[in-house]
Amino acid sequence: MTSGDVGLLNDATALTVFSVAVAAATSGGFSLGHAGGLFLLAAIGGVIVGAVVAFAVRLVRSVVREPLMLNTISLATPFAAYLLGEQLHASGVLAVVVAGLLVGQDTPRAVSGTSRLQTGAVWRLVDFLLEGFVFLLIGEQLPTILTGLDAYSTGTIVVASVASVGIVLLLRPLWLTFTEYVPRRLHMRLARKAPTTIGA
C-alpha cells in the first residue's frame, strides 16, 4: 500500500469520524461508548461494502471488454459503493475508498492498455470538474457562515479557531506516525516469522 493509499484511508476515516460526531452532537446526548460503537459499525460496514462492490466489479470486468462499457463501469463504481454503504448505514466514503483500492489493484491485469488510457483521461476530466464544483459550493456557503458568526463574540470565535487548528495540527502527525509505524512493525514481525529457505 502506497502513501497515497494510506492518505485516502486517513481522509475517509476522518470523514467517517466527523459524520459520527455530527450525528452524536445533534441527537441531544453524547455517549463515548455509543459514538465509538457507531464509528466501528460504520467503518467495518464501509470496508465490507467496498469489498463486495469491488468483487462485483471484478466479475463484471472479466466478461466486458468494450472500452466504453469499462469507462461506464468505472464511473458507476464509486456511486454504487457510496449509495449502498449509506443505504446500509455504513460509511459510504470508506466503501468508495476500499472499492477503489481493490478495483485499482486489479486493473492492470484485467483491463487492456487502451481502456486504461481512456479511463484515465475520463477521470482526469471528472476530477477537474468535481474540484471546481466543490470550491464553488464552498464559496456559496461562505456568506451564510459569516452571517452565522454574528451570534458569537470575537473572543469565542478566536478561541474556537485556535483550538480547532491546534488539535488538527497535533493529531494529524500523531495519526500519520501511527499508520506508518504499525504496518512497518507488522511487516517486520511477519518477515521474522516467515520460514527461511535453506540453500537458496
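The values are calculated or read from the model by the stated rules, or taken from the named source; none is laboratory data. In this text, all values refer to a predicted model and were calculated from it rather than measured experimentally. Note: ideal-geometry Cβ built from the backbone for every residue, glycine included; neighbour counts use all protein chains shown.
General observations
- When the residues of the stretch 125-152 are filtered to those that are surrounded by 10 or more Cβ atoms within 10 Å (Cβ to Cβ) and among the charged types (D, E, K, R), the one that is nearest to ARG61 (Cα to Cα) is ASP127.
Let's see how each residue does on (1) modelled with pLDDT of 75 or more; (2) more than 24 Å from the chain's Cα centre (by Cα); (3) assigned by TED's automatic domain parsing to the domain that holds ARG65:
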| residue | (1), (2), (3) |
| --- | --- |
| VAL103 | yes, no, yes |
| ASP106 | yes, no, yes |
| VAL122 | yes, no, yes |
| ASP127 | yes, no, yes |
| PHE133 | yes, no, yes |
| SER161 | yes, yes, no |
| GLY166 | yes, no, no |
| LEU170 | yes, no, no |
| PRO173 | yes, no, no |
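Yes/no matrix, rows are residues, columns are (1) hydrophobic (A, V, I, L, M, F, W, C); (2) touching a helix residue (DSSP H, G or I) at 6+ places or on another chain (Cβ under 8 Å):
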{"position": "ALA51", "(1), (2)": "yes, yes"}
{"position": "ALA76", "(1), (2)": "yes, no"}
{"position": "LEU102", "(1), (2)": "yes, yes"}
{"position": "THR144", "(1), (2)": "no, no"}
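- The stretch 57-97 - residue that is outside any helix (DSSP H, G or I) and of a type in the set (Ser, Thr, Tyr) and, of those, surrounded by the fewest Cβ atoms within 10 Å (Cβ to Cβ): SER62
- Cross-chain or 6+ apart pairs with Cβ under 8 Å, the stretch 66-89 first and outside the structural domain of VAL53 (by TED's automatic domain parsing) and closer than 11 Å to SER115 by Cβ, then surrounded by 14 or more Cβ atoms within 10 Å (Cβ to Cβ) and among the aliphatic types (A, V, I, L, M): none
- Among the residues of the stretch 135-159, the ones that are within 30 Å of the chain's Cα centre (by Cα) and among the charged types (D, E, K, R) come to 1 in all.
- Among the residues examined, GLU86 does not qualify as over 30 Å from PHE39 (Cα atoms) and among the acidic types (Asp, Glu).
- The stretch 52-65 - residue that is at pLDDT 85 or above and charged (D, E, K, R) and, of those, nearest to GLN118 (Cα to Cα): ARG61
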